[in-house]
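In what follows, a single structure is set out as C-alpha cells and then discussed.
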Amino acid sequence: MHIHAYEKLWLAASILLILLLIGSVTYGAVGPGVAMVSDTEPAIDAGGLDEDERFSEPRVEQVGENEYEAYVVAYQFGFEPDPIVVPENSRVTFYVTSRDVIHGFEVAGTNANTMVVPGEVSEITVETDEPQEYGLICNEYCGAGHHVMEGKVNVVSQAEFEEQQSGGEDE
Amino acid sequence: MGQNETAHPSADEVGGGDEEFDPIGTLTLIGIYFAILVLSWLFIYYIEFLGRDLVVVG
Amino acid sequence: MSEAIEGERTFVDKFPEEAAVVRAAMLGSFLALTLGAIFGIIQTLHRTDVFRGLISSTDYYTSLTAHGVFLALSFTTFFLVGLFTWAIVRSLDRPLLNIKITWTWYGLMAAGMTMTGISILAGFVDALDMSADVLFTFYAPLQAHPLFYAGLAVFIVGSWIAGADWFRTWLAWKREHPDERIPLQTFMVLTTMAMWYIASSAVAASVLIFLLPWSLGFIDQVNPTLTRTLFWFFGHPVVYFWLMPAYLLWYTVLPKIAGGRLFSDPLARVVFVLFLLLSTPVGIHHQYLDPGIAEGFKFISMTNTMFLLLPSLLTAFTVVASVEYGARQRGGTGLLGWLTELPWRKPEFTGMMLAGLMFAAGGFSGMVNAGMNINYMIHNTIWVPGHFHLTVGTAVALTFMAATYWIWPQISNKPIYSRSIGLFQVVLWFIGMALMSNAMHAQGILGVPRRTAEPEYAGFEYAAGFGGFEELNIQIAIGGTLLFLSTVLFIGNLVLTMGNPKVSGLAETLPPALSGPDDAPRVLDNLRLWVGIALVLVVLAYALPLGAIISRGGLLGPGVGTYPVWLVPAADALANAPALLTGVVVDAIAALAEVGR
C-alpha cells in the first residue's frame, strides 16, 4: 500500500500527540494524584436513606486530624446539608448520593464535580485552602425544577468551623 | 455518473507527473494545526485544570 | 474543470424511483432541522435571559428535549439515509433491489420519529396527560411516556431495514462483479452501517427490555447506571454515525468540487475501518464521573478514545491534500498561495471547508472531553454542548447544508434558486457558530452548567475568566440568532428551489482517486473480518463493566423509584376497579334490600 512520505510524517506526529494526551492524564494521576470517582463505595438502597447511618442525617464530621467527611444527599431540587461548611487547609471527603433521580454535584469553578446516581455513592476527596464561599450546583438535568437546585460549599476558618459545629449541637 | 471508482483509473489518466504530487501546502497547514493543538493542550491541562481549586485527590 | 457535460444524465434521470426516496429522506431531515432551529432560538434567548416570555422555565426542558431529538437524531439520520441511498445506487450504478422495501423502512422511520415527536411536543399542552421531558439522553429514573420509547424503537428498526436494503443491493452487485473492489462510497456506507448495527443493539435492548416495559408499568424500577451505560454504548458511536456521511462527502465530493480528486482511496478505507473498530468500545468516557464504575475501565475507555483521534487526524491530511491538489490543478502555486485559487464562491465548497475548519477546533475540545481526569473541569458544563455544536452542529450540519446545494439539483433536475444566498447562508452559520460555541466553551471553564433554563444562581456569582458570564451570554444570544437566520435562509432557498422548473445539464461526475482502490490491500474489503474484530473489542471493553454494574445494582435497580410516574396510577385504578365495582354492586343490593323491607 502506497502512502505518501508526508502522510507518514503526519501519522507519526498524530501518534505522538495521542501519547502526549495519554501521558498528561497519567501524569495528572500519579503526579498531583488526581483520582477518579470510582466503585470504592458499595451500592446503597436509594429508597432507604432514612435508615442509613450516614445519610439519614446529612452532615460534616471530623474523622482525623485535619480530615473531614461530608455526607451529602441530593434530591429534587436541593442538597442536604446546605450550606456544607468545611474548615480551611483540611482534607475533605464528600460522600454524595441521591434519593430520587440522577443529579450532578459541581462546586462551581473548581474541579470538585461528580455525577450523583441513585443507588450509588460518589466519593471524592479534595484539599481546601483559604476560607472561601463556593456555589454548589446540580449540573445534570433532574426535572422541572432543575435550575433552582443549588447549594453552597463554605470553606471557613478553623475557629469558625468549631463554633458552627458546637452551635449546631446546642440547637 | 456512477461506475467511476470501479473503472480502475490509472495515473496517466490524470495527466503526466501527478504521481509525484507533493502536498507541501497541506503539510504546512497541518503542522500549524499540530502546534496549536499541543500548545492549547499544555495550557488547558497543566495551567487551567491543575491550577484550579479543589483538585480531587481521592 | 466542469464535468457537467450537456446531455449527460443526472441521478434522477437514471434512477427516478431512488431519487424520490433520497428527496423524501432529505425533506424529512429538513423538516426536523426547521423544528429544531425554532426550539434552538427559543432556548438561546431564554437561557441567556434576553427573552423569557415565550416559554416558562419548566417548559424549557420540553423544548430542549425537542431540540436534541429533532436535530441530533432526526435531522442527522434522515439526511444520512437519503445520502447513503444516493451513494449506494450511484457508486454501484444499479437500482435498489425492491423499492417497496425502501419505502417501508422510510415509512417506519418517519412513523417512529412522529410518535416520539408527538410524545415530546405534548409536554407543551397541559391538557394532555403526556410528556417526555427526558432530553435526548433519556436517563432513568426520569421517565417519558411509553410512546416516546416505542417511537424510538420503531425508528431504530426502520434504520436496520435500511442497512439491510443497502447490504442486499451490494451483494447483488457483487454477484454481477465478482472480482471488483467494493466502490469507495459503498464501502463507506457498509462499514458505517456495520458500526450502527453494533452500536444501536445496546440502546434497542435498553429500550425494549427495560425502559418501555418500565414506562408501561410491567416492571417497577430499572438500574439507572445500567440503562445509562447502555445508552452511552450507543451514544458515542452515534456521533460517528452522524459524522460518517460528512466524511463520505469530504472524501468523495469535496475534492471534485475543489477541482481535484481524492488523494488516497486506500487511506480512506483504512479510516472507515478504524471507525468501525474503535467507535464503540469508548462509550464509558461519557461516564468518567459516574460512581459505581472502576477507574481501570475508565482508563481503558480513554486509551481507546484517544486512538480514535487517529482516523480523524488522517482524514484532515487526506482531505486537505485532495483540495490542495485541486487548487494546483487550477493553477495555484506557492506554499499557501494555492488557497486563493479555490472556488470560494461556491456555497458547497465554502460550506464544507468552513465545516472542516470548525471540526478542527472541535477536535481540540474533544481531546479535553476525552482526557479522563481533566473531565472534572468541564463535565456537564456548557463546554460540552459548545464542543458538539462544533462537531455535529457544524462539521455535520453545515456539511449537509453545503452538500444539499450540490446534490439537490442532481436528484431533482432543478437548479438551486440562489447560490449567492447559499454562500451567504453558510458563512453566516460559521460566524454564528464561532460566536456561540466560543462563548459556550468559555462559560464552561467558569463552571456554568449545560441543560439548564436559568444558569444564573441566587447564592453565588461566577468568577470572570475569558470574559464575564453576562458578556458571554450576549455572545451566545447573538450567535444563536445568526444560526437561526442562517437556517431560515437555507430552508427558504430550498423551498424556492423546489418551485424552479426542471432543466437538463445538471449532471456531475466524481473523478477517481489519485491513488486508487488497486493500491489498497484486498483485506480492507473483508467486512466480516472487521466486524468480527469490532465485536471482540466491544466484548473486551464492555463485558466486565456491564457485569460489574449488574452485580452491584441488579438488572432492575437498587431501590430506585420512577419520576414522574406514568401509567402506574392508571394501572392501579384498573386493578382497583373490580373491588370498586363489587363494592358498588353490594351497596346497591343492600340499598334494594332496604327498600324491599
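Is it the case that some residue within the range C:322-342 is buried (at least 20 other Cβ atoms within 10 Å of the Cβ) and among the β-branched types (Val, Ile, Thr)?
Within the range C:322-342, one or more residues are buried (at least 20 other Cβ atoms within 10 Å of the Cβ) and among the β-branched types (Val, Ile, Thr).
Any residue in the range C:483-499 that is surrounded by fewer than 16 Cβ atoms within 10 Å (Cβ to Cβ) and assigned to a loop (DSSP other than H, G, I, E, B)?
yes
Keeping to the range C:309-356, report how many residues are without any contact (Cβ under 8 Å) to a residue 24 or more places away in the chain and more than 9 Å from every other protein chain (Cβ to nearest Cβ).
Summing the residues that are without any contact (Cβ under 8 Å) to a residue 24 or more places away in the chain and more than 9 Å from every other protein chain (Cβ to nearest Cβ) in the range C:309-356 gives 5.
Looking at A:139, A:89, A:111 in this structure, which one is touching a residue at least 12 places away in the same chain (Cβ under 8 Å), of a type in the set (S, T, N, Q) and touching a Gly at 6+ places or on another chain (Cβ under 6 Å)? So that I can check it myself, show each step before the final result.
Details: A:89 fails: touching a Gly at 6+ places or on another chain (Cβ under 6 Å); A:111 fails: touching a Gly at 6+ places or on another chain (Cβ under 6 Å).
Answer to the selection: A:139.
Are there any pairs, at least 6 apart or on different chains, whose C-beta atoms fall under 9 Å, with the first in the range C:530-545 and in the same structural domain as residue C:277 (by TED's automatic domain parsing) and without any contact (Cβ under 8 Å) to a residue 40 or more places away in the chain and the second surrounded by 12 or more Cβ atoms within 10 Å (Cβ to Cβ) and not polar (S, T, N, Q), and if so, which?
Correct list of pairs: C:539/C:281.
What is the one condition in (1) within 21 Å of residue C:216 (Cβ to Cβ); (2) of a type outside the set (Asp, Glu); (3) touching a residue at least 24 places away in the same chain (Cβ under 8 Å) that residue C:124 does not satisfy?
So residue C:124 meets the others, but not (1).
Look through the range C:83-136, keep the residues that are buried (at least 17 other Cβ atoms within 10 Å of the Cβ) and of a type in the set (S, T, N, Q), and return whichever of them is farthest from residue C:160 (Cα to Cα).
C:131
List the helices (runs of 4 or more DSSP H) that sit entirely inside the range C:1-84 and contain at least 1 residues that are away from chain A (no Cβ under 14 Å) and acidic (Asp, Glu).
Working: elements: C:11-14, C:16-47, C:60-68.
Output list reads C:11-14, C:16-47.
Please work out which residue is surrounded by the fewest Cβ atoms within 10 Å (Cβ to Cβ), limiting yourself to the range A:61-109 and to residues that are of a type in the set (Ser, Thr, Tyr) and under 14 Å from residue A:138 (Cα atoms). Don't jump to the end; show me each part of the working.
In the first step, residues of the range A:61-109 are kept if they are of a type in the set (Ser, Thr, Tyr); the result is A:68, A:71, A:75, A:90, A:93, A:95, A:97-98.
Now drop any that are not under 14 Å from residue A:138 (Cα atoms), which leaves A:75, A:97-98.
Working: A:75: 19, A:97: 28, A:98: 31.
If we take residues in the range A:61-109 being of a type in the set (Ser, Thr, Tyr) and under 14 Å from residue A:138 (Cα atoms), then A:75 is surrounded by the fewest Cβ atoms within 10 Å (Cβ to Cβ).
Regarding the range C:143-164, can at least one residue be identified that is of a type outside the set (Asp, Glu), outside any helix (DSSP H, G or I) and surrounded by fewer than 24 Cβ atoms within 10 Å (Cβ to Cβ)?
Pass one, the range C:143-164, residues of a type outside the set (Asp, Glu): C:143-164.
Then drop every residue that is not outside any helix (DSSP H, G or I), which leaves C:143-145.
If we keep only those that are surrounded by fewer than 24 Cβ atoms within 10 Å (Cβ to Cβ) too, we end up with none.
Among the residues of the range C:143-164, not one is of a type outside the set (Asp, Glu), outside any helix (DSSP H, G or I) and surrounded by fewer than 24 Cβ atoms within 10 Å (Cβ to Cβ), which makes the answer no.
Which pairs turn up if I take residues in the range C:455-481 that are at positive phi and look for partners that are crowded, with 16+ Cβ neighbours inside 10 Å and in a helix (DSSP H, G or I) with beta carbon separation below 8 Å, at least 6 apart in sequence or on another chain?
C:467/C:439; C:467/C:442; C:467/C:475
Any idea how many residues of the range C:343-353 are within 19 Å of the chain's Cα centre (by Cα) and surrounded by fewer than 24 Cβ atoms within 10 Å (Cβ to Cβ)?
Of the range C:343-353, the ones within 19 Å of the chain's Cα centre (by Cα) are C:351-352.
Filter once more, so that each one left must be surrounded by fewer than 24 Cβ atoms within 10 Å (Cβ to Cβ): none.
Count: 0.
Just to be sure I understand, how many residues within the range C:240-271 are closer than 16 Å to residue C:348 by Cβ, buried (at least 24 other Cβ atoms within 10 Å of the Cβ) and of a type in the set (Gly, Ala, Ser)?
Of the residues in the range C:240-271, 3 are closer than 16 Å to residue C:348 by Cβ, buried (at least 24 other Cβ atoms within 10 Å of the Cβ) and of a type in the set (Gly, Ala, Ser).
For residue C:475, only one of the following conditions fails: (1) part of a helix (DSSP H, G or I); (2) loosely packed, with under 15 Cβ neighbours inside 10 Å. What is its number?
Failing condition for residue C:475: (2).
Return the only residue of C:377, C:367, C:401, C:358 being in a helix (DSSP H, G or I), closer than 30 Å to residue C:20 by Cα and not hydroxyl-bearing (Ser, Thr, Tyr).
Working: C:377 fails: closer than 30 Å to residue C:20 by Cα; C:367 fails: closer than 30 Å to residue C:20 by Cα; C:358 fails: closer than 30 Å to residue C:20 by Cα.
It is C:401.
Any residue at all in the range C:455-470 that is within 14 Å of another protein chain (Cβ to nearest Cβ) and charged (D, E, K, R)?
Let us first name the residues in the range C:455-470 that are within 14 Å of another protein chain (Cβ to nearest Cβ), namely C:455-466, C:468-469.
In the following step, the residues that additionally are charged (D, E, K, R) were identified as C:456, C:461.
Within the range C:455-470, one or more residues are within 14 Å of another protein chain (Cβ to nearest Cβ) and charged (D, E, K, R).
When you look at residue A:139, is it surrounded by 24 or more Cβ atoms within 10 Å (Cβ to Cβ), under 18 Å from residue C:383 (Cα atoms), at pLDDT 95 or above and touching a Phe, Trp or Tyr at 6+ places or on another chain (Cβ under 6 Å), yes or no? Walk me through how you get there before you give the answer.
Working: surrounded by 24 or more Cβ atoms within 10 Å (Cβ to Cβ): yes; under 18 Å from residue C:383 (Cα atoms): yes; at pLDDT 95 or above: yes; touching a Phe, Trp or Tyr at 6+ places or on another chain (Cβ under 6 Å): no.
No: the conditions fail for residue A:139.
Hey, among the residues in the range A:1-60 that are of a type in the set (Asp, Glu) and within 19 Å of the chain's Cα centre (by Cα), which one's farthest from residue B:30 (Cα to Cα)? It would help to see each step written out before you state the result.
So in the range A:1-60, the residues of a type in the set (Asp, Glu) come out as A:7, A:39, A:41, A:45, A:50-53, A:57.
Now restrict to residues that are within 19 Å of the chain's Cα centre (by Cα): A:39, A:41, A:57.
Values: A:39: 41, A:41: 46, A:57: 57 Å.
Across the range A:1-60, the extreme among qualifying residues is A:57.
Looking at the range C:281-299, can you tell me whether even one residue there is within 14 Å of residue A:18 (Cβ to Cβ), within 7 Å of chain A (Cβ to nearest Cβ) and either free of Cβ contacts under 8 Å to residues at least 24 places away in the same chain or over 21 Å from the mean Cα position of the chain (by Cα) (or both)?
No.
The values are calculated or read from the model by the stated rules, or taken from the named source; none is laboratory data. Quick caveat, the model's predicted, so the values are computed rather than measured. Cβ atoms come from the backbone with ideal geometry, glycine included; neighbour counts cover every protein chain shown.
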